[in-house]
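Data block below; observations after.
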Amino acid sequence: MEGDAARGCLSMDGFARVAEAGVSSPEFTALCSWLVSELRSLCPLEEDVNPTRGPEDAETFQIEVSGLLGELHCPYSSLTSGDVTARLSTPDRCLQLLYFLSSELLAARLLARKTPRSPPEKEDRSGEAVNELQLICQALGMADLDPGCPVHQAMADIEAKISEALSSLPPEHQQMAPLLKATLTSEEWGALEGIRDLLCTEYQCRRRMMATRLDVTVESFHWSERAKDRSGAMSEAFKPLRHSLMEESQVTVPHLLAAREDFSRIVKTSSGASRDKTSCAVNKVLMVGDVPDRGGRPNEIEPPMPTWEKRREGGGGHQRWGKRSRKKKK
């Protein structure tokens with residue numbers, strides 16, 4: 001049954017006529033399936049009801065209806081209790097099911113009209129832009145952004161604050177060029193956003209792996225005998241630190257726009273500037289003498305089995321085995 005045919009049955013006489021045929025009728029199951037599909041478009045339902053092709057699918061249909069009524073918290077005990085395959089055995093119960101589904105659909109449509117919502121993507125984009133502006137205000141030491149403030153006024157205030165902050169910097173830092181100098185089209189911005197999503201997914205997987213390794217390492221500390229009495233204190237001390245580790249990346253496209261040329265200057269971790277801040281007594285180890293060679297090179301490993309030579313001409317291919325002396329057990 002298509003949508004137009006289903007709408008033709010949306011009346012008391014139409015419901016009574018379809019319910020008279022019962023659950024074995026494809027017309028009845030198709031009408032129920034259409035009502036559920038319309039309801040699912042307005043409500044986040046997990047259960048679904050599919051139309052049948054004949055009486056042989058009636059049992060499967062009734063099982064699907066039972067799951068749907070449980071999710072909707074149907075108040076009619078005649079439709080929710082007893083044998084699943086016998087709940088829709090009479091035309092009255094089939095008519096009651098149609099009335100219940102139609103009333104749920106009517107209520108969902110009324111609620112949808114009273115609470116109009118913009119598309120989720122547009123809401124996410126606008127919310128993300130507002131959050132970025134709030135972060136800019138916080139970084140500049142400005143007051144929180146007023147929701148009623150026009151966008152052009154907020155941008156003008158931010159520009160004035162940035163100009164004031166740049167004027168206080170040394171001359172060599174005032175004209176730092178941005179890292180991204182090219183002008184991108186809308187398609188290129190979309191591709192850049194896609195690349196960012198892929199990288200975030202990759203690094204999120206790596207973060208989870210490192211967090212799992214950290215959890216396993218910390219859990220191994222609880223195995224010692226000394227740690228059994230302090231297991232609770234160790235867990236309480238580690239829990240806030242563990243919760244502070246974010247699994248999702250906080251790097252967005254605005255971070256790329258804010259990046260400057262000095263971000264592309266890679267400094268080695270072993271350089272003097274980096275070691276001044278990371279050097280400590282833990283990693284100051286003095287190696288005395290030469291480091292022993294631990295091997296492990298595949299080309300230097302001897303084969304596990306001896307190589308066999310071809311038999312020489314004239315014989316001499318016999319091997320002599322020495323007798324092994326076996327000691328008698330005492």
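The values are calculated or read from the model by the stated rules, or taken from the named source; none is laboratory data. These figures come from a predicted structure and were not determined experimentally. Cβ placement follows ideal geometry from the backbone for every residue including glycine, while neighbour counts extend to all protein chains displayed. Accessible surface areas use protein heavy atoms only, side chains included; no ligands, DNA or RNA. Shrake-Rupley method; radii C 1.70, N 1.55, O 1.52, S 1.80 Å.
Close Cβ contacts (under 6 Å, 6 or more residues apart or on different chains) running from residues in the stretch 59-70 that are farther than 12 Å from THR85 by Cβ to residues that are charged (D, E, K, R) comprise GLY67/GLU47; LEU68/GLU47. In the stretch 19-31, the residue that is farthest from the chain's Cα centre (by Cα) out of those that are closer than 15 Å to GLY54 by Cα, part of a helix (DSSP H, G or I) and not charged (D, E, K, R) is ALA21. Inside the stretch 231-270, can you point out the residues that are open to solvent by 100 Å² or more (accessible area, probe 1.4 Å) and closer than 15 Å to ALA177 by Cα? Answer for the stretch 231-270, where residues must be open to solvent by 100 Å² or more (accessible area, probe 1.4 Å) and closer than 15 Å to ALA177 by Cα: PHE263, ARG265. Could we say that GLY8 is at pLDDT below 85 and either more than 30 Å from THR115 (Cβ to Cβ) or of a type outside the set (Val, Ile, Thr) (or both) here? Considered against the rule, which asks whether it is at pLDDT below 85 and either more than 30 Å from THR115 (Cβ to Cβ) or of a type outside the set (Val, Ile, Thr) (or both), GLY8 comes out as yes. Within the stretch 177-187, being closer than 25 Å to ARG265 by Cβ and open to solvent by 40 Å² or more (accessible area, probe 1.4 Å) holds for PRO178, LEU179, LEU180, LYS181, ALA182, THR183, LEU184.
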